[in-house]
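The values are calculated or read from the model by the stated rules, or taken from the named source; none is laboratory data. Note that the structure is predicted; figures quoted are calculated from it, not measured. A quick note on method: Cβ atoms are made from the backbone with ideal geometry, for glycine too, and the neighbour counts reach across all protein chains shown. When the accessible area is computed, the model is the full protein with side chains, heavy atoms only, and any ligands, DNA or RNA have been set aside. Shrake-Rupley method; radii C 1.70, N 1.55, O 1.52, S 1.80 Å.
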Amino acid sequence: MLSELLLIGIQGLRQQSTIPLHRQLYDVLKRAIADGRLAPGERLPSSRTLSKDLKFSRNTVIASLNQLIVEGYLCSRTGSGTYVNESLPSHSCVKQKIAHTQCRPSLSKRGEKLATTFLATDHEVQPFPPGVADFSAFPIALWQRLQNKHWRMTYPAMLDYNASGGHAPLRRAVADYLRIFRSVQLDVDQVIITNGSQQSLQLCAKLLADPGDTVWIEDPAYWGAIKSFMANDLTLYPIKVDADGIAPTEEDQTHQPRLIYTTPSHQYPTGSVMTMARRQALLQMADRHDAFIIEDDYDSEFRFTGHPLSSLSGLDRNGRVLYMGSFSKVLYPGLKLGYLIVPKSLVQSFKLVHYDLNRPGQLPVQAALAEFIELGHFTSALRKARASHCLRRQCLLELLEPCLKLGAIISGAEQGLHLCLHLPPHMNDKQLTEKIAQKNILVRPLSAYCVARTDIKGLIIGYGYAPLSGVHEFGPILVQVIVDELKK
Ligand SMILES: Cc1ncc(COP(=O)(O)O)c(C=O)c1O
């Protein structure tokens, strides 16, 4: 009986979650005690039986039980077994106690919002998370050699904080790359090396907007940008995205923005590409409202078909666009290096504030990265990653064909590391995602990225993380669940 009850809770447990199994089992048992599903005095099956029924190792079961014994939820009677502690207070008190230990009593209102909304999901060990590249292919040995070399050559100034916006050779390498591949017009001086997109966004929000100022965000939107703006008390104003990118209406334009956040080359998450007409219109709107545009060019390195449009920043003549990029996709996310290209008139203030708030450093790592780029390893890593992601993408597209015959539509597959499978709007994409998760596959519901709108449903499916063999293995399982749902 007990094992049956637990099995229900345990269906939600993931062998592949980053939370250890003993911790997950502990949580299920603790909840069952709080709910009263496990009554005081009730005897638990032996650890051997539990381990057999639940198909967990005995050590896992024992670790969970021991923790609950230590905390007083269970007690062990020698020779007789493990019981729910009879002297526990009433269930409602236990519930309260658990709620109390889990809540965050001292958070600010802002903190509470940040901790409970637009949360990123674990992605580490499941196929198809959007926006994640396969960093297992990163040339670690080569990287290590370069790092060692630069550490050997390091002189004291390289160990200090850095006030100039980053190591000069890296800024030069970034400027050269952006000029050639993204048509960004810039001087090296305008490049600021940050520790990734979140830091770039935080700098823009802090330096260009005051609390309460309005920021236009795409709807649906990237959770990371939403979070950064929320953390700076900006007012989020969602603007619908269509097949041509962000589409501000006349009514929208009465909500004067201070900042406009956009992902024009591959809208996150729908993948639509902003047309040239929209780009020109958006630049004019920024001028009219005296606003700044933050162009997040997060995955333009991965273009598979058609010609990329040049960046919005490349069209900017009035210093309205701040352009941001990251090394997370081509190299690896834990590197924590990105860049922000700032209009000339803002460079000094951005560098000063970046220095004061973030105390940037890590110059030896930046030096190794500069050489990695200069020697052509970045281009070569990119070429390899592009070729391998192209195969995975092709395989996924072929597998998804049965879904298209049943009315689903794909957008955004020309670029990046994910695509959007649009579903009929009556479908519940969150429930579908949960069904898919039961097969140990992670995709995300489109509606989870929506800020205000409720008219679009779909699945955001990444093809960057799983190797080709993984796409072959898990793709058909994913497609079967979607097809079954589309047929209902
Ligand atoms: C829209 C968008 N912007 C930026 C990033 C990169 O963020 P970071 O530099 O923090 O890795 C991502 C990563 O998935 C993204 O999806």
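Here LYS351 passes the criteria (1) more than 16 Å from the ligand (Cβ to nearest atom); (2) in contact (Cβ under 8 Å) with a residue 60 or more places away in the chain; (3) under 28 Å from GLN256 (Cβ atoms); (4) open to solvent by less than 20 Å² (accessible area, probe 1.4 Å) except the one numbered (3).
Looking only at residues that are among the hydroxyl-bearing types (Ser, Thr, Tyr) and assigned to a loop (DSSP other than H, G, I, E, B) in the stretch 218-270, which one is farthest from GLN199 (Cα to Cα)?
Of the stretch 218-270, the ones among the hydroxyl-bearing types (Ser, Thr, Tyr) are 222, 228, 235, 237, 249, 254, 261-263, 265, 268, 270.
Next, only the ones that are assigned to a loop (DSSP other than H, G, I, E, B) stay: 222, 249, 263, 265, 268, 270.
Working: TYR222: 15, THR249: 30, THR263: 17, SER265: 21, TYR268: 18, THR270: 24 Å.
Residue satisfying both the conditions and the ranking: THR249.
Pairs meeting the criteria (first residue in the stretch 273-298 and free of Cβ contacts under 8 Å to residues at least 40 places away in the same chain, second residue within 16 Å of the ligand (Cβ to nearest atom) and not β-branched (Val, Ile, Thr), beta carbons under 6 Å, at least 6 apart or on different chains) are MET274/GLY245; MET274/PRO264; ARG278/GLY245; ARG279/LEU312; GLU295/LEU312; GLU295/SER313; GLU295/TYR323.
Restricting the first member to the stretch 68-93 and to residues that are of a type in the set (Phe, Trp, Tyr), and the second to residues that are modelled with pLDDT under 75 and assigned to a helix (DSSP H, G or I), the beta-carbon pairs closer than 8 Å and six or more apart or on different chains are TYR73/VAL94. If you check ALA466, ALA385, ALA381 for being in contact (Cβ under 8 Å) with a residue 60 or more places away in the chain, more than 16 Å from THR270 (Cβ to Cβ) and under 18 Å from the mean Cα position of the chain (by Cα), only one passes: ALA466. Quick one: ASP297 ticks every box in (1) open to solvent by 20 Å² or more (accessible area, probe 1.4 Å); (2) charged (D, E, K, R); (3) within 16 Å of the ligand (Cβ to nearest atom); (4) in contact with a strand residue (DSSP E or B) (Cβ under 9 Å, 6 or more places away or on another chain) bar one, so which box is it? With respect to (1) open to solvent by 20 Å² or more (accessible area, probe 1.4 Å); (2) charged (D, E, K, R); (3) within 16 Å of the ligand (Cβ to nearest atom); (4) in contact with a strand residue (DSSP E or B) (Cβ under 9 Å, 6 or more places away or on another chain), ASP297 is out only on (1).
So for the stretch 258-272 (the condition being surrounded by 18 or more Cβ atoms within 10 Å (Cβ to Cβ), aliphatic (A, V, I, L, M) and within 14 Å of the ligand (Cβ to nearest atom)), does at least one residue qualify? First the steps, then the outcome.
Our first condition is that a residue be surrounded by 18 or more Cβ atoms within 10 Å (Cβ to Cβ); within the stretch 258-272, this holds for 258-272.
Still in the running and aliphatic (A, V, I, L, M): 259-260.
Remaining after also requiring within 14 Å of the ligand (Cβ to nearest atom): none.
Checked the stretch 258-272: no residue is surrounded by 18 or more Cβ atoms within 10 Å (Cβ to Cβ), aliphatic (A, V, I, L, M) and within 14 Å of the ligand (Cβ to nearest atom).
Among the helices (runs of 4 or more DSSP H) confined to the stretch 271-385, the ones with at least 1 residues that are modelled with pLDDT of 95 or more and either within 30 Å of THR214 (Cβ to Cβ) or hydroxyl-bearing (Ser, Thr, Tyr) (or both) are located at 276-289, 312-315, 347-358.
Do we have any residue at all in the stretch 196-214 that's within 16 Å of the ligand (Cβ to nearest atom), within 22 Å of GLN267 (Cα to Cα), open to solvent by less than 40 Å² (accessible area, probe 1.4 Å) and part of a loop (DSSP other than H, G, I, E, B)? Within the stretch 196-214 (the criterion being within 16 Å of the ligand (Cβ to nearest atom), within 22 Å of GLN267 (Cα to Cα), open to solvent by less than 40 Å² (accessible area, probe 1.4 Å) and part of a loop (DSSP other than H, G, I, E, B)), the answer is yes, since at least one residue qualifies. Out of the stretch 215-226, which residues are away from the ligand (no atom under 11 Å from the Cβ) and of a type in the set (D, E, K, R)? Once the filter is applied, which keeps residues that are away from the ligand (no atom under 11 Å from the Cβ) and of a type in the set (D, E, K, R), the stretch 215-226 yields only ASP219.
The single condition among (1) in contact with a helix residue (DSSP H, G or I) (Cβ under 7 Å, 6 or more places away or on another chain); (2) outside any helix (DSSP H, G or I) that VAL483 does not satisfy is (2). Within the stretch 303-317, the set of residues being under 21 Å from LEU201 (Cβ atoms) and out of contact with any Asp or Glu (no Cβ under 7 Å at 6 or more places or on another chain) comprises GLY314, ASP316.
On the given criteria, is SER469 open to solvent by 10 Å² or more (accessible area, probe 1.4 Å) and farther than 27 Å from GLU301 by Cβ?
Details: open to solvent by 10 Å² or more (accessible area, probe 1.4 Å): yes; farther than 27 Å from GLU301 by Cβ: no.
No: the conditions fail for SER469.
Has the stretch 238-245 got at least one residue that is open to solvent by 30 Å² or more (accessible area, probe 1.4 Å), within 16 Å of the ligand (Cβ to nearest atom) and either at pLDDT 95 or above or touching an Asp or Glu at 6+ places or on another chain (Cβ under 9 Å) (or both)?
If we filter the stretch 238-245 for residues that are open to solvent by 30 Å² or more (accessible area, probe 1.4 Å), which is where we start, we get 238, 240, 242-244.
Checking the rest, the ones that are also within 16 Å of the ligand (Cβ to nearest atom) come to 238.
Now drop any that are not either at pLDDT 95 or above or touching an Asp or Glu at 6+ places or on another chain (Cβ under 9 Å) (or both), which leaves 238.
For the stretch 238-245, residues open to solvent by 30 Å² or more (accessible area, probe 1.4 Å), within 16 Å of the ligand (Cβ to nearest atom) and either at pLDDT 95 or above or touching an Asp or Glu at 6+ places or on another chain (Cβ under 9 Å) (or both): present.
Residue count for the stretch 389-412 satisfying the condition of being within 27 Å of GLY325 (Cβ to Cβ) and open to solvent by 10 Å² or more (accessible area, probe 1.4 Å): 8.
When ILE482, ILE436, ILE460 are screened for being over 21 Å from the mean Cα position of the chain (by Cα) and crowded, with 20+ Cβ neighbours inside 10 Å, only ILE482 passes.
Check the stretch 302-318 and report whether any residue there is small (Gly, Ala, Ser), within 12 Å of the ligand (Cβ to nearest atom) and open to solvent by 10 Å² or more (accessible area, probe 1.4 Å).
Our first condition is that a residue be small (Gly, Ala, Ser); within the stretch 302-318, this holds for 306, 310-311, 313-314.
Next, from what is left, pick out any that are within 12 Å of the ligand (Cβ to nearest atom): none.
The answer is no; no qualifying residue exists.
Suppose we filter TYR332, TYR323 for residues that are surrounded by fewer than 23 Cβ atoms within 10 Å (Cβ to Cβ), within 16 Å of the ligand (Cβ to nearest atom) and under 30 Å from LEU142 (Cα atoms); which single one remains? I'd like the intermediate steps shown before the answer.
Details: TYR323 fails: surrounded by fewer than 23 Cβ atoms within 10 Å (Cβ to Cβ).
On inspection, the qualifying residue turns out to be TYR332.
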